[in-house]
1. Quick one: what Rg and Dmax do you get for the chain from the alpha carbons, in Å?
2. How high is the relative contact order of the stretch 4-201, in percent, with contacts defined as C-alpha pairs under 8 Å that are six or more residues apart?
3. Run the quick spin-label model on GLU279 and SER40: label points 7 Å from Cα toward the beta carbon, then report their separation in nm to one decimal.
4. Below 8 Å between Cα atoms, with a sequence gap of 6+, how large is the relative contact order for the stretch 227-341 in percent?
5. Cβ neighbours within 10 Å, averaged per peptide: list 186-192, 8-14 in order, most packed at the top.
6. What's the exposure ranking of CYS154, CYS63, going from fewest to most Cβ atoms within 10 Å?
7. Output the peptides 233-240, 261-268 sorted from most to least packed, where packing is the average of other Cβ atoms within 10 Å over each peptide's residues.
8. Tell me, what ³J(HN,Hα) does each residue in the stretch 23-33 have, in order and in whole Hz, if you take phi through Karplus 6.51 cos²θ - 1.76 cosθ + 1.60 with θ = phi - 60° and put x for Gly and Pro?
Amino acid sequence: MQGYLPSVVLTGAAPLLEALGVQAELIATGADLPELALRSTDVPIRGAQVLRFLSLAAEVTRCRDFGLRLSEYQGLAVLGPILVMMQGMRTIGEAMETLAEFYVLHTSMSSVRAVRDEQGMVLTYDLENAAGPGEVQAIELGLANGMRYLRTICGTDWQPAVVQFRHAAPADCTMHWRTFGSSLRFDQDRNAIVLDHDTVRRPITHFRRNAHRVLEAHLRRERAQIEALWVVRTQAVIRALLPFTDSSLSAIARALAISPRTLQRRLSEAGTSFDEIREEVREDLAVKYVQQSNLPLAEISEMLGYSQQSAFSRAFKRLRGMTPRQLRAKCRGTDGEHTDE
């Protein structure tokens with residue numbers, strides 16, 4: 001069910017809210033979320049409900065760092081069999097590539113990419129076609145869970161090369177520094193954890209390989225049944241490349257190890273096209289950057305491939321019914337006509 005995910009993603013929410021003096025059922029009701037989702041791990045729930053829940057929980061508890069606090073109650077165990085498969089890999093790099101490859105079996109509302117580069121490896125995490133305060137909580141929860149997994153392997157003192165968030169920094173970053181370390185950056189072009197070469201090559205030696213092979217065969221059979229996978233993968237690659245490099249059909253096809261013609265055919269079979277997907281991603285990123293970051297509008301326009309800022313403003317107004325400047329002002333309670341950007 002595209003757009004759905006198992007309620008295991010809310011593991012720990014009820015006890016955390018109780019510890020903060022709030023009834024979890026009230027938050028669930030306010031988010032139009034079935035109360036059963038807080039007591040069972042396999043209730044199918046919509047991504048939008050999860051975002052509303054996280055946003056409302058942060059607001060009611062007055063905890064801007066609610067997502068980070070929630071990560072202390074769960075970790076990557078919410079991934080179930082995918083985590084078991086990760087733990088059967090030889091190195092952390094291979095485990096992260098496995099997470100990226102099979103994450104779509106967990107949910108299609110978000111994506112993980114693991115790309116090796118000259119620094120070591122970049123792990124990016126994004127929600128698909130969602131924007132708003134709940135997304136910030138979800139993004140921070142996802143990367144915090146990733147950090148906890150890495151520290152179970154590398155030790156509690158391990159630090160990433162850098163952690164990047166697309167959104168602006170909160171007023172109080174105390175919990176963020178504690179969770180992610182000193183190499184933390186906001187207003188970036190991606191949500192990512194960057195690993196150095198030593199971390200990527202670090203071995204994972206304490207799990208049984210045979211169990212991993214059986215599980216891998218099962219997950220690969222399940223994954224092969226998802227016809228929409230090419231749409232999801234194309235969206236994920238475009239999202240990762242668009243802000244800072246070539247995101248043409250040929251470039252995306254090359255990244256997916258497929259010919260442009262074959263990619264076009266598979267997207268057509270799924271009822272869409274490359275141009276449609278690329279424009280949807282560009283529109284989604286535009287809203288995210290405007291709402292969540294402090295980046296100048298001219299810089300956002302350039303990152304998203306618009307020839308001029310005026311072209312970006314016109315396209316944005318067609319999409320949202322207001323200019324980027326007006327939306328940013330509305331989100332921050334200021335006068336858009338006097339915003340200095």
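1. Radius of gyration, then largest Cα-Cα span, for the chain: 20.0, 63 Å.
2. In percent, rounded to a whole number, it is 21.
3. Using points 7 Å along Cα→Cβ, the separation is 4.2 nm.
4. Contact order relative to length: 21 percent.
5. In descending order of packing, they fall as 8-14, 186-192.
6. CYS154, CYS63
7. With the highest mean Cβ count within 10 Å placed first, the list reads 233-240, 261-268.
8. Whole-Hz 3J(HN,Hα) from phi for the stretch 23-33: 6, 4, 4, 5, 5, 4, 4, x, 9, 6, 10.
No value in this document is a laboratory result; all are computed from the given coordinates. This structure is a prediction, so every number in the text was calculated from the model and none was measured. Reconstructed Cβ throughout: ideal geometry from the backbone, glycine too, with neighbour counts over all protein chains shown.
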